[in-house]
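Novice: Handing you this structure, nothing more for now.
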Amino acid sequence: MKKFLSVATFILLSKASFAQQTNMNLIIGTYTNSCESKGIYVYDFNTETADFKLKSSTEKVVNPSFLTVSEDNKFVYSVNENGKESTVSSFAFDSKKGTLKALNKQKSEGEDPCYILNDTKNVITANYSGGNISVFKKNANGSLTPAKQVVQHKGSSRNKQRQESAHVHMVQFTPDRKYVLANDLGTDKIYIYKYNPDSETNILEIKDSIGVKRGSGPRHLTFSPNGKYAYLLQELDGTITVFSYTNEELLKIEEAQIIEDDFKGEIGGADIHISPDGKYLYATNRGSVNDITIFEIMKNGKLNYKTNLKTLGEGPRNFAIDPSGNFLLVAHQYTNNVVIFKIDKLTGKLTDTKKRIELCAPVCLVFTP
C-alpha cells in the first residue's frame with residue numbers, strides 16, 4: 001500500500017510541476033504538401049504571457065500531421081500521412097534545446113495514419129484510409145521496430161461518400177491503461193481492445209464495440225481529468241456523446257450538439273478537449289462555420305452549453321490547452337496559422353490575444369516540458 005501511495009504521489013507531483021512550468025515546449029506537426037513546410041516545429045511558449053519563440057524545426061519530414069511525445073520526454077513519434085507511401089517516424093528529442101534528431105521510420109501498414117499514441121513499450125497508429133490499427137514496438141534507443149500487429153476493421157455506414165468502408169480516426173488509452181479505444185468514422189463504432197503491452201504479437205485483443213448514431217462519424221474522444229467520463233465528438237453530424245467509464249465499461253449517459261437544430265451549413269466536428277481543472281469542455285467545428293463551442297461540465301458529467309465563437313481562421317483541425325489552463329491555441333490548416341486565445345478560468349470563455357503563430361498548414365499541437 002505504501003508503495004502504491006508513493007507512486008501515486010510522485011505522479012501527482014509530476015503533473016503539478018508540469019502545470020506550473022512557465023516556459024513549455026510547443027511541438028507543432030504540419031502538412032507539407034500544400035505550402036512550404038519543413039515538417040515539425042518546436043517553439044518555446046510562455047504560459048503566463050503567451051509569448052513564443054521558434055527553437056528548431058526538422059528538415060524534409062513528409063506530412064507529420066499528428067505527434068506524440070514519450071513519457072520520459074526523450075522521444076517524439078509522428079505519423080507521415082502520405083497515402084500508400086505512409087510511414088511512422090521516431091525522433092530523439094532534446095527538450096532543453098528543443099531539437100529533434102531523426103532515428104528511423106517504418107511503413108505504417110495502413111494508408112493515411114491520422115493519429116498516434118505511445119507508452120513505454122509501444123507506439124500505436126490509427127490509419128484512416130487503411131481502416132486499420134498498427135502497433136510498433138520500441139527499441140532500446142527509442143527507434144521503432146516494423147509493425148508487430150495490424151488490426152483490420154471492416155464495415156460501412158449510412159454516408160456513402162464518407163462511410164463506404166472502415167476509417168479509424170483515433171486511438172486512445174483508457175485512464176487505467178487497461179484498454180485502447182479506437183474511433184471508427186466509417187462504421188460508427190468505438191472498438192474496445194484489451195491492451196497487452198508486453199505481448200509480442202497480440203498486443204491488442206478485441207473486447208467489445210459500441211455503436212453510435214448511424215451517419216454520425218466518430219472522430220476524437222477525450223476523458224475527464226478524474227477518468228470517470230468520456231466525451232466523443234462525431235465529425236459528420238456534430239454530436240458529442242457522453243459516456244460514464246465505470247467498472248471498465250463505457251455507458252452512454254447523454255448526447256449534446258455543437259450545432260443548432262436548424263443548422264444548414266457544412267458540419268465538420270474536428271477536435272475536443274477539457275480544461276485542466278475539468279470545468280469546461282471545448283469542441284471545434286471545421287465545417288463552413290469554423291467555430292468552437294464551449295460547455296460547462298456538470299458534477300454528473302453531463303454538459304451545459306455556454307457559448308460558441310469563431311476560431312478566427314479556416315480549418316480548425318486541432319487545438320490544445322496549455323497545461324496551466326491559461327491559453328487555448330487553435331491550429332488552422334487552411335489559413336496557415338495558430339490563433340491564441342486567453343481562457344477565463346471562471347467562465348470558460350475565450351478572448352483573442354491577437355497573437356498568431358504563422359506557419360504552413362499546422363495540424364497537431366503538443367505541449368511538453
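Novice: Among the residues of the range 338-369, what is the count of those that are among the β-branched types (Val, Ile, Thr) and under 15 Å from Gly325 (Cα atoms)?
Specialist: Number satisfying all stated conditions: 7.
Novice: Let me ask another. For the range 155-170, which positions are surrounded by fewer than 24 Cβ atoms within 10 Å (Cβ to Cβ) and not in a loop (DSSP other than H, G, I, E, B)?
Specialist: Once the filter is applied, which keeps residues that are surrounded by fewer than 24 Cβ atoms within 10 Å (Cβ to Cβ) and not in a loop (DSSP other than H, G, I, E, B), the range 155-170 yields only His169.
Novice: Looking only at the range 107-136, filter to residues that are surrounded by fewer than 19 Cβ atoms within 10 Å (Cβ to Cβ) and touching a Ser or Thr at 6+ places or on another chain (Cβ under 7 Å); which one of those is nearest to Asn23 (Cα to Cα)?
Specialist: Leu117
Novice: Could you pull out the residue among Asn304, Asn290 that is more than 21 Å from Arg219 (Cβ to Cβ), at pLDDT 95 or above and more than 17 Å from the chain's Cα centre (by Cα)?
Specialist: Result of the check over Asn304, Asn290: Asn304.
Novice: Another one. Restrict the check to the range 144-154 and report whether at least one residue is touching a residue at least 12 places away in the same chain (Cβ under 8 Å), assigned to a loop (DSSP other than H, G, I, E, B) and in contact with a Lys or Arg (Cβ under 7 Å, 6 or more places away or on another chain).
Specialist: No, the range 144-154 has no match at all.
Novice: Is it the case that the range 73-96 has a residue that's surrounded by 23 or more Cβ atoms within 10 Å (Cβ to Cβ), in contact (Cβ under 8 Å) with a residue 12 or more places away in the chain, within 16 Å of Pro362 (Cβ to Cβ) and small (Gly, Ala, Ser)?
Specialist: Taking every residue of the range 73-96 in turn, at least one turns out to be surrounded by 23 or more Cβ atoms within 10 Å (Cβ to Cβ), in contact (Cβ under 8 Å) with a residue 12 or more places away in the chain, within 16 Å of Pro362 (Cβ to Cβ) and small (Gly, Ala, Ser).
Novice: Follow-up. Looking at the range 188-227, which of its residues are surrounded by fewer than 21 Cβ atoms within 10 Å (Cβ to Cβ), of a type outside the set (Val, Ile, Thr) and under 19 Å from the mean Cα position of the chain (by Cα)?
Specialist: Answer for the range 188-227, where residues must be surrounded by fewer than 21 Cβ atoms within 10 Å (Cβ to Cβ), of a type outside the set (Val, Ile, Thr) and under 19 Å from the mean Cα position of the chain (by Cα): Lys189, Phe223, Ser224, Pro225, Asn226, Gly227.
Novice: Another question, if that's okay. With the requirement that a residue be aliphatic (A, V, I, L, M) and either in a strand (DSSP E or B) or closer than 30 Å to Ile259 by Cβ (or both), what does the range 174-219 give you?
Specialist: The answer is Val180, Leu181, Ala182, Leu185, Ile190, Ile192, Leu204, Ile206, Ile210, Val212.
Novice: Could you give me the residue pairs with C-beta distances under 6 Å whose first residue belongs to the range 111-138 and is over 20 Å from Asn196 (Cβ atoms), whose second residue is of a type in the set (S, T, N, Q) and assigned to a strand (DSSP E or B) wherever it lies, and which are 6+ apart or on separate chains?
Specialist: These pairs meet every condition: Pro113/Thr125; Pro113/Asn127.
Novice: Could you list all residues from the range 332-351 that are within 21 Å of the chain's Cα centre (by Cα), of a type in the set (S, T, N, Q) and at negative phi?
Specialist: The answer is Gln333, Thr335, Asn337.
The values are calculated or read from the model by the stated rules, or taken from the named source; none is laboratory data. Since this is a predicted model, take the numbers as computed values, not measurements. Glycine also receives a Cβ, built like all others from the backbone with ideal geometry; neighbour counts cover every protein chain displayed.
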